[in-house]
Amino acid sequence: MKIEITDKEIKVTWLGETRVCVFPEVAERIRNAPVSPFDNARKRIIINLWYSGCFKRVEVQKPKQQRKVSTLDVLEGCARQVSKFSDYDFGEDIDDLLGADPYLPLY
């Protein structure tokens with residue numbers, strides 16, 4: 001359980017969900033709870049009120065994972081574009097560019 005307390009809100013991340021406290025009375029109660037090394041008093045209050053409607057769900061947008069484009073992806077994309085517009089045999093051109101077997105090491 002991760003608890004973030006600011007002047008305006010209390011944000012709690014627990015069980016894969018992020019929620020924000022809606023009621024100021026509850027937020028004051030959590031802020032004024034005795035501080036212990038593990039925040040047991042605060043956690044107990046939050047657990048008791050988690051499903052009661054005092055906390056509003058917040059949608060967290062995860063950043064999209066980007067993948068590096070490889071040479072093979074570029075060649076496949078070019079091949080798809082060429083095949084859309086013509087019946088040209090592009091396999092021989094790719095073999096000319098890469099060699100007969102692109103997986104052979106270059107000596």
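The values are calculated or read from the model by the stated rules, or taken from the named source; none is laboratory data. All values reported here derive from a predicted model rather than from experimental measurement. Cβ: placed from backbone, ideal geometry, glycine included. Neighbour counts: every protein chain shown. Side chains are part of the model used for accessible areas, which takes the heavy atoms of the whole protein and leaves out ligands, DNA and RNA. Shrake-Rupley method; radii C 1.70, N 1.55, O 1.52, S 1.80 Å.
Of everything in the range 1-15 that is part of a loop (DSSP other than H, G, I, E, B) and without any contact (Cβ under 8 Å) to a residue 40 or more places away in the chain, the residue that is surrounded by the most Cβ atoms within 10 Å (Cβ to Cβ) is E9. Summed over the range 29-69, the residues that are part of a strand (DSSP E or B) and in contact with a Ser or Thr (Cβ under 7 Å, 6 or more places away or on another chain) give a count of 1. Suppose we keep only residues that are over 30 Å from E17 (Cα atoms), open to solvent by 90 Å² or more (accessible area, probe 1.4 Å) and β-branched (V, I, T) within the range 60-107. Which one would you say is modelled with the highest pLDDT? Residue satisfying both the conditions and the ranking: T71. Only residues that are touching a strand residue (DSSP E or B) at 6+ places or on another chain (Cβ under 8 Å), within 13 Å of I3 (Cα to Cα) and among the β-branched types (V, I, T) were counted across the range 14-46, and they come to 4. Scanning the range 46-53 turns up one or more residues that are of a type in the set (G, A, S) and open to solvent by 70 Å² or more (accessible area, probe 1.4 Å). When the range 16-46 is filtered for residues that are without any contact (Cβ under 8 Å) to a residue 40 or more places away in the chain and aliphatic (A, V, I, L, M), the ones remaining, listed by number, are V20, V22, V26, A27, I30, A33, V35, A41, I45.
Of all the listed residues (R19, R57), the sole one being under 25 Å from the mean Cα position of the chain (by Cα), exposed (fewer than 10 other Cβ atoms within 10 Å of the Cβ) and modelled with pLDDT of 85 or more is R57.
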